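Trainee: Take this structure, written in structure tokens, and hold onto it; I'll ask about it next.
The values are calculated or read from the model by the stated rules, or taken from the named source; none is laboratory data. Everything numeric in this text was worked out from a predicted model, so none of it was measured. In this analysis, Cβ positions are derived from the backbone assuming ideal geometry, glycine residues included, and neighbour counts consider all displayed protein chains. All accessible areas refer to the heavy atoms of the entire protein, side chains included, with ligands and DNA or RNA removed. Shrake-Rupley method; radii C 1.70, N 1.55, O 1.52, S 1.80 Å.
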Amino acid sequence: MRQLALSDEILMKIEKPARYIGHEINSIVKDRNAVDVRFCMCFPDVYEIGMSHLGIQILYDMFNSFEDTWCERVYSPWPDLDAIMREEKIPLFALESQEPVKNMDFLGITLQYEMCYTNILQILDLAGIPFINEERTWEDPIVIGGGPCAYNPEPIAPFFDLFYIGEGETQYRALLDLYKKDRAAGVSRDEFLRHATNIPGIYAPACYEVSYDEQGIISEFKPKYADVPAKVRKEVETNLSDTYYPVKPVIPFIKSTQDRLVLEIQRGCTRGCRFCQAGQLYRPIRERDVEVLKQYAKELIENTGHEEISLSSLSSSDYSQLEELLLFLIDECSKKKINISLPSLRIDAFSLDIMSKIQDVKKTSLTFAPEAGTQRMRNVINKGLTEEVILDGAKLAFEGGWNKVKLYFMLGLPLETDEDIAGIGALCNEIAKVYYETVPKEKRNGRVQITASTSFFIPKPFTPFQWAPMNSQADFREKAYKTRQGIISQLNQKSIKYNWHDTDVSVLEGVFARGDRRIAKVILDAYKSGCVFDAWNEYFHYDKWLEAFDKNGLSIEFYNERERSTDEILPWDFIDIGVTKAFLKREWERAQKGEVTPNCKEKCQGCGAAVYGSGKFCFE
Amino acid sequence: MKLRIKFSKKGPLRFIGHLDIMRYFQKAIRRSDIDIAYSTGFSPHQIMSFAAPLGVGVESEGEYFDIEANSVTTAEDMIARLNAEMAEGMTITGMRILPDNAKNAMASVKAASYRLNWKEGYSPEYSLSKAVSEFLSKEEVLYTKQTAKSVIERNLKEAVYELKAADERTVYMLVDASSAGNVKPGAVIECLAGFYGKTYDANAIQVTREDTFTDAPNGEGFISLGEVGENF
């Protein structure tokens, strides 16, 4: 048995010791002397969250399929263990070998949401790796970031040696080969990083310099060396049916947040909602072959013993073979007593039929995401969901026995008016009305329960709204208040519940999403003053963040509330995601005119992603 | 039919709590294709009953759970299939068919035997053999436990059926483990240490449950939960 990094005394003292002992089913232990590359994959949040993430499992599976590489995992130690590790000077360790992360060749950190940025610093700190890339030596692992937030890596650029822009399946092999070659040749760490920039998708922030004008807007962003490319192009796995898939995922002992099997059915989306970053980043749309998915599902069930399976994609209703896949899963899973957890599907006769087959109608609720209260606003954001479609879907569902409906909206969208906010309450009321008109009194299972939730809109890079101003906290609070007023003035207000998100976190998320390199100092100062686990309410200290901005002479308003000119050099402009800036600009202009852009399935919009030459609809 | 499965839990897996061990076995049973019976209803679950929950940090050589199976092969084959799915430190050591009228594992538990070892770098600050003799010679050994609601006082002499010091750093005991009167082995050590004005340091001792027992059919003493039922 492998010696654990933590003593019995510590393990007995902390919450959920199983987070730190490794040894899970399907975790991979290799002979450390028989591999050339040690890679430690990190999800910078607590174990149960990190273990729910499919992306890490994909890369873990891929790396460990390389004979010369051993990939392990590490997650953020919870504050109870964090304190003990600092006090007793225990270095951060990888779960499989229980050896220090510092001994690894690579530390890969997945960047799934902006609010994990201080946790990255906690990882580096506990591992004993210098925060700033230029202070590191060959004694330190190469720190590489990836995932959706790597599409604007600038606010955390100084903390990373490399970023991998795009899907991990394609270029890691080349990176590891270069690493082995360069280490054998005895080149310097800086030279290796410079060489790495010649691998597609690899960005080495220290090889670029940025200058700013007197307003603080970027005036120039360029490579420091002639052999470093000016643009980094996103990597895309073009054949999703013939690539790595973790059919033997690691099974945690403790319940993870998403305690189920995940079948990723497709990447990309053809809908073109203008607020949605994922919809642009993951273009072009690529499906996995349904026969391949069936095989994966069978193997996953056999290899894990999980009691639930779910589908993952940006818009599962758009998967062309959905019916075939679901009918297969229903059949296969009923034999094995496995639950199917459905993603949010478009509500229609087909999906309601499927849902009633696999879910307890009385317990489950239906979900709609109109995102905005009026058709005008939905046209601005290009959300192709009409009130008629929602009400028809609700009617069908009420007839089928459902009486719980969840609705998701955003507040603070560009060009939003009071009328759009009032529309939220009105739409909820209409749905309640449909219920009372559809279901006769004697068949009602209590009152209809409508839950409306609003989140605050945060403009994200590589969307048509990347130039848009974000609302201030005061605006957000006022809009949430107006939404509430709008709801309680409705006839059916007793059937409607309203939830809204906190504003402080949204404001910071806005800065990190569109920030530049100067923000790194703010993050470092906030971390030093005690900020960590910012995604967790109980650990979020807004006052400390405000102090960190002040200290560095930077303002939240500059990053969030300013409308950017379309000529401005944006911090993420050096990344090429296939989708062109010209297309995004066109979409921004159309949004301002309230013009709808059709689904790519109907007509190619010439966004640029066809350059990857693989997308089904880009090609047809 | 009802099956009783015996397993041991050692090493790092001693830090996995009872509820997670249950979930772990549910998955292992699916992977090993044991033909377990499911409850009926909208979300069917495996019919399974665990004997006595084991505290986090405690190792065991005698853990049990019962399942309802639709069909069986041989114990040897089913044990091998389950063992192929175990994490390091967990081993299936036995499987028997229970009579139809057998009480389930949880309701059966009456006593448990434990071995307590002082870990390297630790030793009792008193003579273990003398402390054990003193315990055995007393009419009454009162142990008080502060719970959230009240203070419970218990005469451990009634709950400790056997106690002996194997050497100066190992003690063996057989204690009440019934749902109404379960005694934690640490409570006994706390009393032993108390005789000499010392305190009990849970970190100093590795506790191992050796076996779990139920009432003997003839009413005299206990038999191991693993002796109930038939081999197959």
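Trainee: Tally the residues that are open to solvent by less than 40 Å² (accessible area, probe 1.4 Å), at pLDDT 90 or above and not aliphatic (A, V, I, L, M), restricting the search to the range A:358-378.
Mentor: 6
Trainee: If B:VAL151 satisfies all but one of (1) out of contact with any helix residue (DSSP H, G or I) (no Cβ under 8 Å at 6 or more places or on another chain); (2) more than 14 Å from chain A (Cβ to nearest Cβ); (3) in contact (Cβ under 8 Å) with a residue 24 or more places away in the chain; (4) of a type in the set (A, V, I, L, M), what's the number of the condition it fails?
Mentor: (3)
Trainee: Taking the range B:173-193 as the region of interest, how many residues are crowded, with 16+ Cβ neighbours inside 10 Å and either without any contact (Cβ under 8 Å) to a residue 60 or more places away in the chain or on the phi > 0 side of the Ramachandran plot (or both)?
Mentor: 6
Trainee: Can you tell me which residue within the range A:432-487, out of those that are among the charged types (D, E, K, R) and assigned to a loop (DSSP other than H, G, I, E, B), is farthest from the chain's Cα centre (by Cα)?
Mentor: The selected residue is A:ARG444.
Trainee: Can you name every one of the strands (runs of 3 or more DSSP E) wholly within the range A:298-381 that holds 1 or more residues which are within 11 Å of chain B (Cβ to nearest Cβ) and closer than 25 Å to A:THR257 by Cβ?
Mentor: Strands (runs of 3 or more DSSP E) meeting the threshold: A:308-312, A:339-341.
Trainee: Confirm whether A:LEU107 is touching a strand residue (DSSP E or B) at 6+ places or on another chain (Cβ under 9 Å) and crowded, with 18+ Cβ neighbours inside 10 Å. Quick ask: steps written out before the conclusion?
Mentor: Working: touching a strand residue (DSSP E or B) at 6+ places or on another chain (Cβ under 9 Å): yes; crowded, with 18+ Cβ neighbours inside 10 Å: yes.
For A:LEU107, the condition - touching a strand residue (DSSP E or B) at 6+ places or on another chain (Cβ under 9 Å) and crowded, with 18+ Cβ neighbours inside 10 Å - is met.
Trainee: Here's a check for you: in the range A:15-33, which residue that is part of a loop (DSSP other than H, G, I, E, B) and more than 10 Å from every other protein chain (Cβ to nearest Cβ) is farthest from the chain's Cα centre (by Cα)? Quick ask: steps written out before the conclusion?
Mentor: Residues of the range A:15-33 part of a loop (DSSP other than H, G, I, E, B): A:15-16, A:20-24, A:26-31.
Next cut, more than 10 Å from every other protein chain (Cβ to nearest Cβ) only: A:15, A:28, A:30-31.
Values: A:GLU15: 27, A:ILE28: 26, A:LYS30: 30, A:ASP31: 33 Å.
Only one residue fits best here, namely A:ASP31.
Trainee: A further question on this structure: Kindly state which helices (runs of 4 or more DSSP H) lie completely within the range A:46-108 and contain at least 1 residues that are within 16 Å of A:LEU4 (Cα to Cα).
Mentor: Helices (runs of 4 or more DSSP H) meeting the threshold: A:79-87.
Trainee: What single numbered condition from (1) without any contact (Cβ under 8 Å) to a residue 60 or more places away in the chain; (2) touching a strand residue (DSSP E or B) at 6+ places or on another chain (Cβ under 9 Å) fails to hold for A:ALA474?
Mentor: Result: A:ALA474 fails condition (2) only.
Trainee: Here are some residues: A:ALA157, A:ALA206. Which one is among the hydrophobic types (A, V, I, L, M, F, W, C) and under 21 Å from the mean Cα position of the chain (by Cα)?
Mentor: Being among the hydrophobic types (A, V, I, L, M, F, W, C) and under 21 Å from the mean Cα position of the chain (by Cα) holds for just one of A:ALA157, A:ALA206, which is A:ALA157.
Trainee: Is it true that some residue in the range A:402-423 is of a type in the set (Gly, Ala, Ser), modelled with pLDDT of 90 or more and outside any helix (DSSP H, G or I)?
Mentor: Yes, the conditions are met somewhere in the range A:402-423.
Trainee: Which residues, counting only those in the range B:110-126, are open to solvent by 10 Å² or more (accessible area, probe 1.4 Å) and closer than 27 Å to B:ALA69 by Cα?
Mentor: Selection gives B:LYS110 alone.
Trainee: Among the candidates B:SER137, B:SER129, which residue alone is farther than 21 Å from B:LYS110 by Cα and open to solvent by less than 80 Å² (accessible area, probe 1.4 Å)? Write out each step before concluding.
Mentor: Details: B:SER137 fails: open to solvent by less than 80 Å² (accessible area, probe 1.4 Å).
After ruling out the rest, the residue left standing is B:SER129.
Trainee: Let me ask something else about it. If I ask for residues that are open to solvent by less than 30 Å² (accessible area, probe 1.4 Å) and within 14 Å of chain B (Cβ to nearest Cβ), which ones from the range A:248-277 would you list?
Mentor: Matches in the range A:248-277: A:PRO249, A:VAL250, A:ILE251, A:PRO252, A:PHE253, A:ILE254, A:SER256, A:ASP259, A:LEU261.
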